[in-house]
Amino acid sequence: MADPEEYTNLDHIEMTVRELLTEMKDTSEVIVDLAYAALMYNSEDMAEKVNELEKKIDNLNFAIRFKVLLSSRTREDAKQLSGLLQVASAANKISDAAADMVDLLNLPLERRPFVSAMLHESDEKIRATRIGPQSSMAGYTIGKLGIEACTGCRIIALKSRQGWIYDPEDEVKIRAGDDIIVRGTEDGYNQLTEYAAGRKPWEFPEIPEGEEETTPQEEAASINSEEKVSE
Amino acid sequence: MNRLEEMLLEMKDTSEFMLDLAYSSLIYNNEEIAEEVMFMAESMEDLYSRIQELAVEIGTSKPEEVARIVVAVRLQASIKSIADAAKSIADVVLRGLGKHPVLAMSIKESETTISLAKVAESSVLNGKTFAETRLSTQCGMFVIAIKRNREYIFGPGKGPTVRAGDILIANGPEEGVSYFRGLADGTEKDLSL
């Protein structure tokens, strides 16, 4: 085994391959939302966060490659693990694309007014709304509210009195006066603004207990033809 | 919106849909869904060249538009890269390299997960159109494909009516999954919220 001193200083090296891949997938989704939001709102701050995340994915990609190569012992390993690396590098490619997008902010504003107008017409729209003083959402965390499960809207960024938080964690508390930037359908956004403005009381989702866990493999059996599943 | 913007927007929406489908093909190691990603990649190629041609056309006839066109062309290159990434994820499945359990688990565990649900006879969704169900607003789950008998309907959007026996493939937050499954199997009747 290699001397641990030689690689323990690598970023994210303590994570498992599965954790690394999950993190890369999540980050590659957030970074694209943020990039479009940066273009829509002409935000240098968001662009900076995009560049930061792009560097993070570079490091994650390096770590996953390192760990995967270490774990490959046989030809069969090499075959299966190369699929895994291809997915990781797809996430990396997506983050590069997002970083290229925000580079457009360096061009003079008058050259790109159509971009936000165009993004406004997208299937999944990025919009902003404010939590009003009457809103029953105020005082609860994003996780407790289950905002995405209840409205289909995902919070990309939140501006509180302390400043901006990008891709806020479930533990972040929503307060009256906060501005949130979300991604979701028109219908979901309209519903969210009702709650945010305090015109409708928030309905907390029921947290299911002892949920039966199905593995993707079990689920796949219902759509894949039998000969493929039996393999 | 002018034609260039419409095409650019179509590219953007398609690239996002391709990525959702690509991850679905990967989590279920499903070649039919992966094939659809490849099929959509071809229409992306086509859109990409049409946008380029139109950009040149506008640029030559209206030089004052060139600065704006540059933005559109650069944006479409980024969007195309995202579509290419989706394609290379689907390629893993088509090459038969999608079996590693870590692949499926990493998607299962991610913030936006993918889930299946079969529509029961007694389901409140049975007989409703997707517009009527407002599924994504109800539980955050967005149906990206339906498997009906042996056929797939990709991107059902607001179109078809849900039928008993349909298998819905949806993506969304982990918290929305059990409600989504309950609606489909008939145990959850509350579609009003």
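The values are calculated or read from the model by the stated rules, or taken from the named source; none is laboratory data. Not measured: the values here are computed from a predicted model. Don't worry about glycine lacking a Cβ; one is built from the backbone with ideal geometry, like all the others, and counts go over all protein chains shown.
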Check: Are any residues in the stretch B:107-129 crowded, with 19+ Cβ neighbours inside 10 Å and within 14 Å of chain A (Cβ to nearest Cβ), and if so, which ones?
Finding: B:ILE107, B:LYS108, B:SER110, B:THR112, B:THR113, B:ILE114, B:SER115, B:LEU116, B:ALA117, B:VAL119
Checklist line | Evaluation of B:ASN29 against (1) crowded, with 16+ Cβ neighbours inside 10 Å; (2) facing chain A (nearest Cβ under 10 Å); (3) assigned to a helix (DSSP H, G or I) (one fails), failing number | finding: (3)
Margin query: under 19 Å from B:MET18 (Cβ atoms) and under 18 Å from the mean Cα position of the chain (by Cα): which single residue out of B:LYS108, B:LYS147 fits that description?
Written below: B:LYS147
Checklist line | Residue that is part of a helix (DSSP H, G or I), buried (at least 23 other Cβ atoms within 10 Å of the Cβ) and not hydrophobic (A, V, I, L, M, F, W, C), where the choices are A:LYS56, A:LYS25 | finding: A:LYS25
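Just checking, which of A:SER122, A:SER95 is within 12 Å of chain B (Cβ to nearest Cβ), surrounded by fewer than 18 Cβ atoms within 10 Å (Cβ to Cβ), closer than 27 Å to A:ASN51 by Cα and not aliphatic (A, V, I, L, M)? First the steps, then the outcome.
Details: A:SER95 fails: surrounded by fewer than 18 Cβ atoms within 10 Å (Cβ to Cβ).
Just a single option satisfies the conditions, and that option is A:SER122.
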Margin query: Taking the condition of being in contact (Cβ under 8 Å) with a residue 40 or more places away in the chain and farther than 14 Å from B:VAL73 by Cα, how many residues in the stretch A:103-115 meet it?
Written below: 2
Checklist line | Every residue from the stretch B:130-174 that is within 11 Å of chain A (Cβ to nearest Cβ), within 19 Å of A:GLY188 (Cβ to Cβ) and of a type in the set (Phe, Trp, Tyr) | finding: B:PHE142
Next item on the list: Restrict the check to the stretch A:181-204 and report whether at least one residue is farther than 22 Å from B:LEU168 by Cα and modelled with pLDDT under 85.
Entry: yes
Checklist line | Conditions (1) assigned to a helix (DSSP H, G or I); (2) away from every other protein chain (no Cβ under 12 Å); number of the one not met by B:ALA34 | finding: (2)
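Considering every residue within the stretch B:144-154, establish whether at least one is free of Cβ contacts under 8 Å to residues at least 40 places away in the same chain, crowded, with 18+ Cβ neighbours inside 10 Å and of a type in the set (A, V, I, L, M).
Looking for residues that are free of Cβ contacts under 8 Å to residues at least 40 places away in the same chain, crowded, with 18+ Cβ neighbours inside 10 Å and of a type in the set (A, V, I, L, M), one finds at least one in the stretch B:144-154, hence yes.
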Notebook entry, point to check: A:ALA38 is checked against (1) out of contact with any Leu (no Cβ under 6 Å at 6 or more places or on another chain); (2) closer than 20 Å to A:TYR189 by Cβ; (3) facing chain B (nearest Cβ under 8 Å); (4) not hydroxyl-bearing (Ser, Thr, Tyr) and fails just one. What number does that condition carry?
Noted result: (3)
Note to self: So, B:SER88, is that one in a helix (DSSP H, G or I), without any contact (Cβ under 8 Å) to a residue 60 or more places away in the chain, at the interface with chain A (Cβ under 8 Å from one of its Cβ atoms) and crowded, with 22+ Cβ neighbours inside 10 Å or not?
What the structure shows: no
